[in-house]
Structures are given as structure tokens and as C-alpha cells.
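Engineer: Dropping a structure here in C-alpha cells format, bear with me for questions.
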Amino acid sequence: MDLLPHGASLGEIQDYVTEMEAERGLDRLAIESQCLKLGEEVGELFRAVLIANDGPADPHGVRPMSVAGRL
């Protein structure tokens, strides 16, 4: 799968996500499972942003990869 171009339009992003979901088999998941997976990913990204900006983080949690690594 090609990388998403910088400055992609909304339509290009939607096509990219649709193709990525199909490649990974995520298009066969129930909507509830997709929502939970999205929430998990958003939480990991927010945590990485907090850490990158020296914000508070759960002292018992595992340090995530950098924000760049999440993207």
C-alpha cells in the first residue's frame, strides 16, 4: 500500500483508511470492536503527546513510543 501523501484531501484519506482496513482485515470487525480499537489508539496517542510535553502520566503505565512513532 502506498503512503498517504502530505496534504491529502479528505477523499484521499477516506480511501487510504478503507484500503488499510481491508489489508489488515479490520473491515470484517463489528462496529463495536472498531470503536474500541479506535479509542485505544487515541488514548495511546494522547499519552505520547503528554509525555512529549512533560505532562502528567500514569506512573505505573508503560512508556509509549514517541509521537512520531505513533504516526
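Engineer: Could you run the Karplus curve 6.51 cos²θ - 1.76 cosθ + 1.60 with θ = phi - 60° over the range 33-38 and give me ³J(HN,Hα) per residue in whole Hz, x for Gly and Pro?
Structural biologist: 5, 5, 5, 5, 5, 4
Engineer: Determine ³J(HN,Hα), in whole Hz, for all residues of the range 40-52 in sequence, where each value follows from phi through the Karplus function 6.51 cos²θ - 1.76 cosθ + 1.60 and θ = phi - 60°; x replaces Gly and Pro.
Structural biologist: Values, residue by residue: 4, 5, 5, x, 5, 5, 4, 5, 4, 5, 4, 5, 5 Hz.
Engineer: Sorting check: for 23-31, 40-48, which peptide has the highest mean count of neighbouring beta carbons within 10 Å, and how do the rest follow?
Structural biologist: 40-48, 23-31
Engineer: Okay, next question. Can you figure out the FRET efficiency of Ser33 with Asp54, using R₀ = 35 Å and their beta-carbon distance, to the nearest 0.05?
Structural biologist: Result of the calculation: an efficiency of 0.55.
All of the numbers you see were taken from the coordinates with simple rules; none came from a lab. As the structure is a computational prediction, the values presented were derived from the model and not from experiment. Glycine also receives a Cβ, built like all others from the backbone with ideal geometry; neighbour counts cover every protein chain displayed.
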